[in-house]
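The values are calculated or read from the model by the stated rules, or taken from the named source; none is laboratory data. All figures in this text were calculated on a predicted structure; none of them were measured in a lab. As a convention, Cβ positions derive from the backbone with ideal geometry for all residues, glycine included, and neighbour counts pool all protein chains shown.
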Amino acid sequence: MSKLRTAIIGFGFMGKTHATNILRSKTMALKAIVDSKPDFSHKGGNFQTDNLDMNDFSEVKTYTDFDECLEKESLDLVFICVHTYLHYEMAMKSLKKGLHVFIEKPFVLHIDDGIALIREAKRQDKKIGVAHVVRFMPAYLKLHELYKNMTYGELRFISLSRFTGIPDWGEWTAMRQRFGVSGGALFDLVIHDIDFLHYMLGMPDEVESKYFDGALSKHDYICAFWKYKERDIRVKIEGGNPFPSQFPFEASFKASFEKATIQYSSCIGNELKISNNDALEILPLDDANEGYRNEVEYFARCIVNNEYPEACSADSSLDTIRLCYRHIY
């Protein structure tokens, strides 16, 4: 089987992260990189991913112009890893060229743009995947499994948090001059936990939310509570980037079931803590970076096998965008 000929559009933190995984893939072959100023050093990001080896890129072409890449390269798949305001334009161009598209979250900021992309993908018989990587990270996969299997009984309370300093790598400093364009912490950071709980629990019946502004948007800090009318689950989500740039990133959750409580923090990312009134158990986890590898391999397999990408679908992601808006309106 020939590999999916793949290009990465935007070679910042996420573009580089995906590049390392595509280079190792048995399903994809990295053919091109598009970036206005291609830089192969490792800079920025909330996770430290693998270092880049320049020798691995010896057969990968680089472009500074997206249209030129689409014209000159024979591709099957593009990864769109640029700022959110460019997602729609680049994804639509790619779909109209007959390419599959994998888009970094958030999918889009405007609901109508997402609807148009989904329609075009169906028209072209191509697939769109959206990179909600938390769905694929070991700690959250385990939480989802324990919830689904009712290993510790019914879920009663869950609290997720995600905090970081104001991003200062790549083009993020310049984005402060374009207030609101990125979607701010709600759509770029806290969306991870909103999406994961939407994926695991379904759409809440009620959302109560408080938020305040920051350097990037009017909603750079969020604290929210969800309610489900038919289930006795209490849900809290909190996060944002209201801190200086060197503030260390942390994502965490606490989930209280009938028979045990599960606790996780990215500061100790290789373990889950499971406790009850009698004991504390430490459950080892795989490296969180495996989530990035697993999500792209999953989407590539869906393309090869012509399967609907349920775990990273654009339809589900667009519902997450709708849910994000419920936190501020």
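Which pairs have Cβ atoms under 8 Å, sit 6 or more apart or on different chains, and link a residue in segment 285-313 that is not assigned by TED's automatic domain parsing to the domain that holds K26 and outside any loop (DSSP other than H, G, I, E, B) to one that is loosely packed, with under 15 Cβ neighbours inside 10 Å and among the aromatic types (F, W, Y)?
Sorted first by the residue in segment 285-313, then by its partner, the pairs are C302/Y308.
Across segment 228-248, what is the total count of residues that are buried (at least 18 other Cβ atoms within 10 Å of the Cβ) and either in contact with a helix residue (DSSP H, G or I) (Cβ under 6 Å, 6 or more places away or on another chain) or among the aromatic types (F, W, Y) (or both)?
Residues meeting the conditions: 4.
When the residues of segment 126-142 are filtered to those that are among the charged types (D, E, K, R) and touching a Gly at 6+ places or on another chain (Cβ under 9 Å), which remaining residue is farthest from S94 (Cα to Cα)? Give the steps one after another, and end with the answer.
Step one: list which residues in segment 126-142 are among the charged types (D, E, K, R), which gives 126-127, 135, 142.
Subsequent filtering for residues that are touching a Gly at 6+ places or on another chain (Cβ under 9 Å) retains 126, 135.
On the way: K126: 10, R135: 25 Å.
Here the answer is R135.
Identify, please: which residue in segment 98-133 is buried (at least 17 other Cβ atoms within 10 Å of the Cβ) and among the small types (G, A, S) and is, among those, farthest from N305 (Cα to Cα)?
G114
Let's see how each residue does on (1) outside the structural domain of A29 (by TED's automatic domain parsing); (2) over 30 Å from Y264 (Cα atoms); (3) outside any helix (DSSP H, G or I); (4) of a type outside the set (A, V, I, L, M, F, W, C):
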residue	(1), (2), (3), (4)
L75	no, yes, yes, no
Y85	no, yes, no, yes
K93	no, yes, no, yes
V108	no, no, yes, no
D112	no, yes, no, yes
A116	no, yes, no, no
R119	no, yes, no, yes
R123	no, yes, no, yes
K126	no, yes, yes, yes
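Does N276 qualify as being among the polar types (S, T, N, Q), farther than 23 Å from H327 by Cβ, at pLDDT 95 or above and surrounded by fewer than 18 Cβ atoms within 10 Å (Cβ to Cβ)?
Working: among the polar types (S, T, N, Q): yes; farther than 23 Å from H327 by Cβ: yes; at pLDDT 95 or above: yes; surrounded by fewer than 18 Cβ atoms within 10 Å (Cβ to Cβ): yes.
Spelling it out, N276 is indeed among the polar types (S, T, N, Q), farther than 23 Å from H327 by Cβ, at pLDDT 95 or above and surrounded by fewer than 18 Cβ atoms within 10 Å (Cβ to Cβ).
Within segment 1-26, work out how many residues are in a helix (DSSP H, G or I) and either within 15 Å of A131 (Cβ to Cβ) or of a type in the set (S, T, N, Q) (or both). If you could, list the steps in order and put the result at the bottom.
Keep residues of segment 1-26 that are in a helix (DSSP H, G or I), which gives 13-24.
Now restrict to residues that are either within 15 Å of A131 (Cβ to Cβ) or of a type in the set (S, T, N, Q) (or both): 13-22.
Selection size over segment 1-26: 10.
Condition test on K218, is it over 30 Å from N270 (Cβ atoms) and either without any contact (Cβ under 8 Å) to a residue 60 or more places away in the chain or not in a loop (DSSP other than H, G, I, E, B) (or both)? I'd like the intermediate steps shown before the answer.
Numbers: over 30 Å from N270 (Cβ atoms): yes; either without any contact (Cβ under 8 Å) to a residue 60 or more places away in the chain or not in a loop (DSSP other than H, G, I, E, B) (or both): no.
Against the criterion (over 30 Å from N270 (Cβ atoms) and either without any contact (Cβ under 8 Å) to a residue 60 or more places away in the chain or not in a loop (DSSP other than H, G, I, E, B) (or both)), K218 does not qualify.
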